[in-house]
Amino acid sequence: MLSPYRVLDLTDERGLVCGHLLGSLGADVIAIEPPAGSTARAVGPFAGDVPGPERSLHWWAYARNKRSVVLDLDAEVDRSRLLDLVRGADFFVESAPPGDLDRRGLGYRQLAAVNPALVYVSITPFGHDGPKAHWAATDLVVQASAGAMKLTGHPDRPPLRTGGVSAFTHAGAEAAGAALIAHHERARSGRGQHVQVSAQIAANLAAGFSWLASQIGAPVVKRSGGGVALGPVRLPWIWQVADGEVSLTLGFDGPASTFFDRFLDWMVEEGALDRESRSRKWGDDVRAVVAGAAPANDLTSLLDRIAAFLRPRTKAELLDATLERSLLMVPVATTLDVLESPQFAARGFWIEHDHESSPAVRYPGAFARLSRTPLGAGRRAPRVGEHTVEVLTETARGSQHAAAPAGADEPPLADVRILDFSWVMAGPWTTRVLADYGATVIKIESSQRPDLVRFLPPFERGQPGVDSSAGFWSINAGKRSLALDLGNAASRQVVLDLVRWADVVLESFSPKAMRKWGYDYASLAAINPGLVMVSTCLFGQSGPLSSMAGYGTMGAALGGLVAPTGWPDRPPCGPFGPYTDFIAPRFTVAVILAALDHRRRTGEGQHIDQSQVECSLQFLAPHLLDAQVNGRALDRVANDHPSMAPHAVYPTDGEDEWVAIAARDDSDWRRLCDALGRPDLASDPRFVTIEGRRRH
């Protein structure tokens, strides 16, 4: 889709994902590396656990679909070569500390003078301004500052980072969408601009809307160890079974309650629950317990019986029950489990690349299936400087963009019209982003089937109500709401009129729902051939799990994101919230804008089949490679790090107040000792090396 465009990628490990995403969408991405290779090549895990610039699985995962050019930017001749490349580039992506490239003559203003239409993307820990702009930062520090970490883990232990996922992966994925928002504006006006992405702000999405609680008089969300606090009772969503764990969502009220009812029916059939307990209105009981108006004994007894019912069963047995009975329950998968999943095999998700140091390995494939412009397998990660001669001897590219016309400024997506059938989080987060940048979004709802988020806390002043959920406010800000019962024939003409009006239709139902209503892509494209339609759901439109309804907590469990988050001596607690709902929107924003650009150039619309779990597997790509190359599953290590010490979260003064501390090397350790007023620790033989500090 982006084949006409060239990206110059000067990022290190903190921004590598941005270029990878743009390359996956078809752009020509040129990784500019120093003579020794990118520092991203020194990031593990490594093939055979042997470090080396061609053995980094992090590099293998996120330098795919790129060409490598070695330039020494301290040498005038190579800076001149880079400027020649800038003249023909469409995007320039970098992750240097603020001001670093300006001092080299490669800042935004300097390059915009060479190419005024350039979209220049900067990825930094905390942005280019503000009090933290020049702070030293590791992933632990950024995750700690972003909000979700305070909510992850058990209440009796320190907060936990999300296992296997970096804040900078969030930032890189967000940067790709941000770059394409700027590109959409450039296609209209000819103007380039500077796009700044803060990893802290990008990773804040993983806190969901919990941080709004303190602003609206609602109870503050706290760590609950993989569950939800219902007054004095903890409702888990991770449950022990015979061969591991499953994720089970129990919804006592709202749209999820029908799944809960079916689960209780199953227990009754198996003799694990009496009919009196089955017939109780558990939603009323839960509200009474939370309000302190009733004892928790009956609710606790129910949860104990559910735990006893699940414990002797296997993950495979329970997944079969989910598919047969339409439940909200899936296994907690390891990275090794993910590689063996029949779902991903059935969709042909994996792609293979060969490497000199390893047999062919499988990589996460296309994060979306497109009917007109399918995403291909692409190329393996390049060796250091593999394409230097090839790129530098190519015919010089001219600008792809016309000069900016005069006219009033508008938001970059002011000409985009979206009909949004999606609900809950992943789809609505996508359209929230597009609305922020000027798109007109009409959200279709029904009073018969309100959006589930309307039933989720925090609520204004702690009082539930369909219009008092701060989460709903947050996810749907900037949109217009139209109430339509899609099952009512009288609604059809209204929907079809809106389809004619729309550039994009987004829906997040199970695959059969839109066909049942007659709103599948073929039907809608017949009246609007240029339509870009996105179908986003947990597992996509095909495969044995495609009919499974569910939420991002389930996607995170089956997608390998839950198992590595937690303490080694305890079962996994998983990351906070429905984690795939925090990842998938990054990809949806990018693929929608790429599809709109393709339509602008060709007139062609298309259907986009997006699996939210397949998007999320992109974030685990290095660890999926590790599982194959080194034969190990990504496991729980809490906040530990193999090459930094200390690297943990420590209590400070106050209730549930913490500080994250990471010492990247011996120099950091000495500065930390000085800050503590304990310079003697810096020379203590136990602590002078990282290995010693980890051991002691």
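The values are calculated or read from the model by the stated rules, or taken from the named source; none is laboratory data. Being a predicted model, the structure only gives us computed values, none of them experimental. No Cβ is skipped: glycine too gets one built from the backbone with ideal geometry, and neighbour counts run over all protein chains shown. Note: areas computed on protein heavy atoms with side chains; ligands, DNA, RNA excluded. Shrake-Rupley method; radii C 1.70, N 1.55, O 1.52, S 1.80 Å.
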Exercise for the section: Only one of these is surrounded by 24 or more Cβ atoms within 10 Å (Cβ to Cβ) and among the aromatic types (Phe, Trp, Tyr): PHE126, PHE91. Name it. Expected result: PHE91
Problem - Condition broken by ASP243, with the remaining ones in (1) surrounded by fewer than 19 Cβ atoms within 10 Å (Cβ to Cβ); (2) in contact with a strand residue (DSSP E or B) (Cβ under 7 Å, 6 or more places away or on another chain) satisfied - result: (2)
Exercise for the section: Please indicate, with yes or no, whether at least one residue in the stretch 538-545 is polar (S, T, N, Q) and closer than 26 Å to ASP597 by Cα. Expected result: yes
Exercise for the section: Could you grab me the full set of residues in the stretch 410-466 that are at pLDDT 90 or above, of a type outside the set (Asp, Glu) and assigned to a loop (DSSP other than H, G, I, E, B)? Expected result: PRO411, PRO412, LEU413, ALA414, VAL416, PHE421, SER422, MET425, TYR437, GLY438, ALA439
Practice task
For the stretch 579-602, indicate whether the set of residues that are among the acidic types (Asp, Glu), touching a residue at least 40 places away in the same chain (Cβ under 8 Å) and either closer than 20 Å to THR249 by Cα or in contact with a helix residue (DSSP H, G or I) (Cβ under 6 Å, 6 or more places away or on another chain) (or both) is non-empty.
Solution key: yes
Exercise for the section: Please indicate, with yes or no, whether at least one residue in the stretch 619-629 is surrounded by fewer than 24 Cβ atoms within 10 Å (Cβ to Cβ), outside any strand (DSSP E or B), within 13 Å of the chain's Cα centre (by Cα) and at pLDDT 95 or above. Expected result: yes
Exercise for the section: Consider GLY376 carefully, then state whether it is assigned to a loop (DSSP other than H, G, I, E, B), touching a strand residue (DSSP E or B) at 6+ places or on another chain (Cβ under 7 Å) and either modelled with pLDDT under 95 or surrounded by 15 or more Cβ atoms within 10 Å (Cβ to Cβ) (or both). Expected result: no
Practice task
Give the residues of the stretch 580-616 that are open to solvent by 10 Å² or more (accessible area, probe 1.4 Å) and not in a helix (DSSP H, G or I), sorted by residue number.
Solution key: GLY603, GLU604, HIS607, ASP609
Problem - Yes/no for PRO116 being touching a residue at least 24 places away in the same chain (Cβ under 8 Å), part of a loop (DSSP other than H, G, I, E, B), open to solvent by 10 Å² or more (accessible area, probe 1.4 Å) and over 13 Å from HIS194 (Cβ atoms) - result: no
Practice task
Check the stretch 208-227 and report whether any residue there is within 25 Å of THR300 (Cα to Cα), under 23 Å from the mean Cα position of the chain (by Cα) and assigned to a strand (DSSP E or B).
Solution key: yes
Exercise for the section: Answer yes or no: is there a residue in the stretch 293-305 that is among the β-branched types (Val, Ile, Thr) and either at pLDDT below 90 or in contact with a Leu (Cβ under 7 Å, 6 or more places away or on another chain) (or both). Expected result: no
Practice task
Mind listing whichever residues of the stretch 521-568 are free of Cβ contacts under 8 Å to residues at least 40 places away in the same chain and surrounded by fewer than 19 Cβ atoms within 10 Å (Cβ to Cβ)?
Solution key: ALA522, SER523, ALA526, ILE527
Practice task
May I ask you to verify whether ASP640 is assigned to a loop (DSSP other than H, G, I, E, B) and either among the charged types (D, E, K, R) or touching a residue at least 60 places away in the same chain (Cβ under 8 Å) (or both)?
Solution key: yes
Practice task
Quick one: count up the residues across the stretch 100-113 that are within 24 Å of GLY177 (Cα to Cα), open to solvent by 20 Å² or more (accessible area, probe 1.4 Å) and assigned to a loop (DSSP other than H, G, I, E, B).
Solution key: 0
Practice task
Could you name every one of the strands (runs of 3 or more DSSP E) located completely within the stretch 259-369 that has at least 3 residues being of a type outside the set (Ser, Thr, Tyr) and farther than 30 Å from GLY52 by Cα?
Solution key: 329-331
Practice task
Return the total of residues in the stretch 129-152 being of a type in the set (Val, Ile, Thr) and open to solvent by less than 10 Å² (accessible area, probe 1.4 Å).
Solution key: 2
Practice task
Tell me, yes or no, whether the stretch 633-644 has at least one residue that is among the hydrophobic types (A, V, I, L, M, F, W, C), over 29 Å from GLU54 (Cβ atoms) and open to solvent by 40 Å² or more (accessible area, probe 1.4 Å).
Solution key: no
Problem - Contacts under 6 angstrom Cβ, first residue in the stretch 470-496 being more than 25 Å from LEU524 (Cα to Cα), partner of a type in the set (Phe, Trp, Tyr), 6 or more apart - result: ALA470/PHE209; GLY471/PHE209; SER474/PHE209; ILE475/TRP429
Completion exercise
The residue from ALA483, ALA525, ALA502 that alone is out of contact with any His (no Cβ under 8 Å at 6 or more places or on another chain) and either among the charged types (D, E, K, R) or over 22 Å from ILE181 (Cβ atoms) (or both) is ALA483
Practice task
Among what's in the stretch 475-494 and is closer than 16 Å to PRO450 by Cα and open to solvent by less than 30 Å² (accessible area, probe 1.4 Å), pick the residue that is modelled with the lowest pLDDT.
Solution key: LEU486
Practice task
State all residues of the stretch 259-307 that are surrounded by 13 or more Cβ atoms within 10 Å (Cβ to Cβ) and small (Gly, Ala, Ser); if no residue qualifies, say none.
Solution key: ALA272, SER277, GLY283, ALA288, ALA294, ALA296, ALA307
Practice task
From the list ALA218, ALA203, pick out the single residue that is in contact with a helix residue (DSSP H, G or I) (Cβ under 9 Å, 6 or more places away or on another chain), modelled with pLDDT of 95 or more and of a type in the set (A, V, I, L, M).
Solution key: ALA203
Fill in the blank from the handout: In the stretch 330-363, anything open to solvent by less than 10 Å² (accessible area, probe 1.4 Å) and over 23 Å from LEU21 (Cβ atoms) is listed as VAL330, VAL332, ALA333
Problem - Filter result (part of a strand (DSSP E or B), more than 18 Å from ASP597 (Cβ to Cβ) and among the polar types (S, T, N, Q)) within the stretch 170-207 - result: GLN196, SER198
Practice task
Test ALA187 against the criterion of being at pLDDT 90 or above, open to solvent by less than 50 Å² (accessible area, probe 1.4 Å), over 21 Å from the mean Cα position of the chain (by Cα) and among the hydrophobic types (A, V, I, L, M, F, W, C), and give yes or no.
Solution key: yes
Exercise for the section: Taking the options ASP156, ASP84, name whichever one is surrounded by fewer than 20 Cβ atoms within 10 Å (Cβ to Cβ), over 25 Å from ILE592 (Cα atoms), modelled with pLDDT under 95 and out of contact with any Lys or Arg (no Cβ under 6 Å at 6 or more places or on another chain). Expected result: ASP156
Handout entry: Lone qualifier among GLY88, GLY105, GLY130, GLY147 - being under 16 Å from ALA202 (Cβ atoms) and more than 24 Å from the chain's Cα centre (by Cα)
Key = GLY130
